Amino acid sequence: MTQQIIVFGNQKGGTGKSTLAMHLAVSLLHKGYKVATIDVDAKQGTFTRYIENRIKTSQDDPKILIPTHRPVFESSSDSMRVMQRENFLRFSELINSLRDFDFIIIDTPGNETDLSKIAHSFADIIITPMNESFIDLDLIIKASPIKAGVNTGSYAEIVWEQKKEKAKRDKGTIDWIILLNRMSSVESRNKKELEKILELLSKRLGFRFIRGFKERIIFKELFLSGLTLLDGNTSRTALNLSHIAARQELKNLLKELNVA
Ligand SMILES: Nc1ncnc2c1ncn2[C@@H]1O[C@H](COP(=O)(O)OP(=O)(O)O)[C@@H](O)[C@H]1O
Ligand SMILES: [Mg+2]
C-alpha cells in the first residue's frame, strides 16, 4: 500500500489532538498495519508521554502494541533562514527514515510553529478536532490576534498555504477533515446551527466535516496507563456501554479515512 501521513492539527490546545492521535495509531496497529508516530509538540510532549506510559504498562502485558515513536524538536537557530532550513531538513529526513511504515501519525502543538507548518505540508490527511462551539470554529476560520505587529492568519489559512506548498513540491493533495470532538449527548439548537454552518463552510474552505467523539470521561482516565479504548480486553479498564459506543466512533473514523 502507499504510505499515508495523517497530521492532527488545530491552533487551539485541548481539542483532543494528542488523545485522538494515540487512538488512531493504536487502531491501525490492531488492524495489523506498521505504524510510526511523531510528536511535533515535543516541547510539551503529551503524545510522547502517553506513549512512554504505554510502554511501561506493556511491560506487564506484552499484548499491548506500541508504535515506533519519534519526538522532533524545533531548530533553535537565531537566524530565521537557518532555522527554517534546519527544520525542513530535520523533518524530511525523519519522514524519509520512516518510509517503510504504512501510516505515520503526527501530533502537532496548539500554536503556530515553523516545524508544525512543515509537518502539515507533508500530510495526506489533516484531522482538526474541535469542540462543539462557535468559539472553536471562530479560531479555525478567523485570523488570530495580531502577534508582534504581524497578523499571523487563521488556521484555515495555514492549511491552505500548506496545501499549496505540498502541491508545489510534489503535486500532492491534502484531504482536510474537521472532526467534532467531545460532543454533548443532548441535541441543542446551538449544535444544529454549528453543523449547518460547518456544512456551508466546508465547500468554501475545502474541508469535510465529520461527527467524531462524544464527551466521555474514559478518555481522561486512559492517559496515565497509556492505554486506549481498544485495549479494554487486555487491561484493567472494565468495558462499559460508553466504551463500546466510543469504539464504534473510532471505527467510524477509520471508515472516513478509507481504512479497511
Ligand atoms: N472525547 C473526549 N471526551 C472527554 N475528554 C476528552 C475527549 N477527547 C479528549 N479529551 C480530554 O481533553 C483533554 C485535552 O486533550 P488533548 O488530547 O491533550 O488535546 P490537545 O492535544 O488538542 O491539546 C485531555 O484531558 C483529554 O483526555
Ligand atoms: Mg496535545
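Details
- Qualifying residue in the stretch 187-208 (condition: within 16 Å of ligand 2 (Cβ to nearest atom), open to solvent by 90 Å² or more (accessible area, probe 1.4 Å) and of a type in the set (A, V, I, L, M, F, W, C)): no
- Matching option when the condition is more than 16 Å from ligand 1 (Cβ to nearest atom) and open to solvent by 10 Å² or more (accessible area, probe 1.4 Å), among Phe88, Phe103: Phe88
- Check on Thr19, within 20 Å of Leu179 (Cβ to Cβ) and within 16 Å of ligand 1 (Cβ to nearest atom): yes
- Selection within the stretch 204-220 - assigned to a helix (DSSP H, G or I), away from ligand 1 (no atom under 12 Å from the Cβ) and within 18 Å of Leu180 (Cβ to Cβ): Leu205
- Residues in the stretch 221-232 that are open to solvent by 50 Å² or more (accessible area, probe 1.4 Å) and either small (Gly, Ala, Ser) or at pLDDT 90 or above (or both) were compared, and the one that is farthest from Asn181 (Cα to Cα) is Leu224.
- Given (1) open to solvent by 20 Å² or more (accessible area, probe 1.4 Å); (2) under 20 Å from Arg85 (Cα atoms); (3) not hydrophobic (A, V, I, L, M, F, W, C), index of the condition His120 fails: (1)
- Some residue of the stretch 1-24 being modelled with pLDDT under 95, of a type in the set (A, V, I, L, M, F, W, C) and loosely packed, with under 14 Cβ neighbours inside 10 Å: yes
- Residue in the stretch 134-143 that is modelled with pLDDT of 95 or more and under 23 Å from Glu193 (Cα atoms) present: no
- The set of residues in the stretch 68-82 that are surrounded by 12 or more Cβ atoms within 10 Å (Cβ to Cβ) and among the polar types (S, T, N, Q) comprises Thr68, Ser75, Ser77.
- Between Gly45, Gly9, the distinction of being over 24 Å from Leu257 (Cβ atoms), within 16 Å of ligand 1 (Cβ to nearest atom) and touching a strand residue (DSSP E or B) at 6+ places or on another chain (Cβ under 9 Å) belongs to Gly45 only.
- Restricting the stretch 233-260 to residues that are at pLDDT 95 or above and open to solvent by less than 30 Å² (accessible area, probe 1.4 Å) leaves a set whose member that is farthest from the chain's Cα centre (by Cα) is Glu249.
- Meeting the requirement of 3 or more residues that are within 16 Å of ligand 2 (Cβ to nearest atom) and under 21 Å from Leu254 (Cβ atoms), the strands (runs of 3 or more DSSP E) wholly within the stretch 1-118 are 4-8, 103-107.
- Residue check, Leu115 within 23 Å of Lys164 (Cβ to Cβ) and open to solvent by 10 Å² or more (accessible area, probe 1.4 Å): no
The values are calculated or read from the model by the stated rules, or taken from the named source; none is laboratory data. Because the structure is a prediction, the values reported are computed rather than measured. Because the Cβ atoms are built from the backbone with ideal geometry, glycine has one as well, and the counts that use them run over all protein chains shown. Heavy atoms of the whole protein, side chains included, go into the accessibility calculation; ligands, DNA and RNA do not. Shrake-Rupley method; radii C 1.70, N 1.55, O 1.52, S 1.80 Å.
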